[in-house]
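**Q** Dropping the structure in here first, questions after.
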Amino acid sequence: MDFDLSEEHRLIQETAYRFAVNEIAPQAKECDRAEKYPREIVRQAAELGFVGPTIPEEYGGAGYGFFEHSLIVEQMARVDLGITQAIESAAFGSQNIVFFGTEEQKRKYLPPLAAGEMIAAGAYTEPDAGTDIAAARTKAVREGDQWVITGNKMFITNGTVCDFMAVFCLTDPQAASPYERHSLILVESGLPGLTATPIKGKMGLRASDTAEVAFEGVRVPVGNLIGKQGQGFKQLMHFFDATRTVVASQGVGLAQGALDLAIAYAKERITFGRPLINNQAIQFTLAEMATRIEMARMATYRAAWLVDQGRPNPKLNSMAKYYAGETAVWVCDQALQLHGGYGYIDEYDIQRFYRDAKILEIYEGTKEAEKMVIAKRTI
Ligand SMILES: Cc1cc2nc3c(=O)[nH]c(=O)nc-3n(C[C@H](O)[C@H](O)[C@H](O)COP(=O)(O)OP(=O)(O)OC[C@H]3O[C@@H](n4cnc5c(N)ncnc54)[C@H](O)[C@@H]3O)c2cc1C
């Protein structure tokens, strides 16, 4: 057993952190305040192989594993989660194509995604189907050599900026198992009947585009089906088994960034004639923050590493994602408290971290959904 990072891993970490400090940090406040999607930064990140880093080299990607992907995301999230999410999700759903797509789909979509020339979205959630995704009702009916799609999707990351989305559709409503009724279908933006409406006013993650998407008889070729008909639910679970490790690393990185801010502030702030950090109560809080972050990091690294070994562990993935998300929320709360009144002001980055953190307990499976997975595999 070897817990050390390789030279290559360290280089990836350093490159990602330097990119975050030099390119992401200067834009973070403005993108958050103006809810601005950072299209140019996504392009720059792609040049370093940070967009869809697990896309195989033969399709123009960096060919990294989920472990390397987690390292990259962790370092970027230390600086800003909103822009990190914009970069990470630019190739959202590409794994569905990598795992289950046809050769034609791979050649068409993966190279431009990895190059940052195309943006993808994964449209699964609906107004009445989130945690219970098997209840999704957006239907795709086959007419000749086309699928005709009708329904509504909610909270779709990149909904208004994407070039295409992988849509979770009801194709086999009569199937006996609720887990064999859906299929994933690729839908390109701009088709007649497709409308994406931005959702503004998010609490956090404001650099990331989020939209409500409506399909009114949208027609796509039958060849846009990903993998086998009726296997969409299983494909989605397989996809989440890999990608949850990356969301967990968002939590680890965000929490580490909040700890970095807290330590810097506690060293500089003077109360009662001495730096705040000289108080043992403050040191103990920082120690607890560091400990929880390290626990979350260990679980995340192991979960990601197992995915790369071809042995994804859904229980550990859910543990890592749930614990890292909860840790990020808790650490940001402590870090903001330590900033006193200044932490409550927009000028200080910690309030953005605090607002951004909450999404980590909600998307790609709420923490309750994660506990359902853990409980099912524990009891
Ligand atoms: C910023 C943002 C970006 C997103 N991006 C995407 C995206 O790109 N693609 C996409 O498809 N979706 C996306 N989502 C949707 C997200 O994945 C869902 O919001 C999430 O899965 C929860 O679904 P819901 O909002 O319908 O909540 P619900 O399912 O209605 O749940 C409400 C609450 O009840 C809890 N709950 C539900 N059922 C149970 C139960 N049986 N037992 C105990 N507790 C339960 C949940 O954990 C939650 O706390 C995004 C959401 C946001 C906010």
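**Q** Within the set of pairs 6 or more residues apart or between chains, which connect a residue that is free of Cβ contacts under 8 Å to residues at least 12 places away in the same chain and not assigned by TED's automatic domain parsing to the domain that holds THR84 inside the range 201-222 to a residue that is surrounded by fewer than 17 Cβ atoms within 10 Å (Cβ to Cβ) and acidic (Asp, Glu) with Cβ atoms less than 8 Å apart?
**A** Close Cβ pairs satisfying both conditions: none exist.
**Q** Something else: Being of a type in the set (Val, Ile, Thr) and touching a helix residue (DSSP H, G or I) at 6+ places or on another chain (Cβ under 8 Å) is true for just one of ILE199, ILE97. Which residue is that? Write out each step before concluding.
**A** On the way: ILE199 fails: touching a helix residue (DSSP H, G or I) at 6+ places or on another chain (Cβ under 8 Å).
That would be ILE97, the only listed residue that is of a type in the set (Val, Ile, Thr) and touching a helix residue (DSSP H, G or I) at 6+ places or on another chain (Cβ under 8 Å).
**Q** Give, as residue ranges, the helices (runs of 4 or more DSSP H) completely inside the range 54-117 that count at least 3 residues that are at pLDDT 95 or above.
**A** It comes to 66-77, 81-88, 103-114.
**Q** Right, another one. Is at least one residue of the range 179-186 within 13 Å of the ligand (Cβ to nearest atom) and not assigned by TED's automatic domain parsing to the domain that holds HIS238?
**A** Within the range 179-186 (the criterion being within 13 Å of the ligand (Cβ to nearest atom) and not assigned by TED's automatic domain parsing to the domain that holds HIS238), the answer is yes, since at least one residue qualifies.
**Q** When you scan the range 141-158, how many residues do you find that are in contact with a Phe, Trp or Tyr (Cβ under 8 Å, 6 or more places away or on another chain) and among the hydrophobic types (A, V, I, L, M, F, W, C)?
**A** The number of residues fulfilling the criteria is 3.
**Q** So is ALA328 under 21 Å from the mean Cα position of the chain (by Cα) and closer than 23 Å to MET1 by Cα or not?
**A** Judged against the criteria, ALA328 is not a match.
**Q** Out of the residues in the range 39-53 meeting the condition of being among the hydrophobic types (A, V, I, L, M, F, W, C) and outside any loop (DSSP other than H, G, I, E, B), tell me which one is nearest to ALA115 (Cα to Cα).
**A** Step one: list which residues in the range 39-53 are among the hydrophobic types (A, V, I, L, M, F, W, C), which gives 41-42, 45-46, 48, 50-51.
Filter again for outside any loop (DSSP other than H, G, I, E, B), leaving 41-42, 45-46.
Numbers: ILE41: 12, VAL42: 10, ALA45: 9, ALA46: 5 Å.
That would be ALA46.
The values are calculated or read from the model by the stated rules, or taken from the named source; none is laboratory data. Just so it is clear, the model here is predicted, and its values are computed rather than measured. Cβ coordinates were reconstructed from backbone atoms using ideal geometry, including for glycine residues, and neighbour counts include every protein chain displayed.
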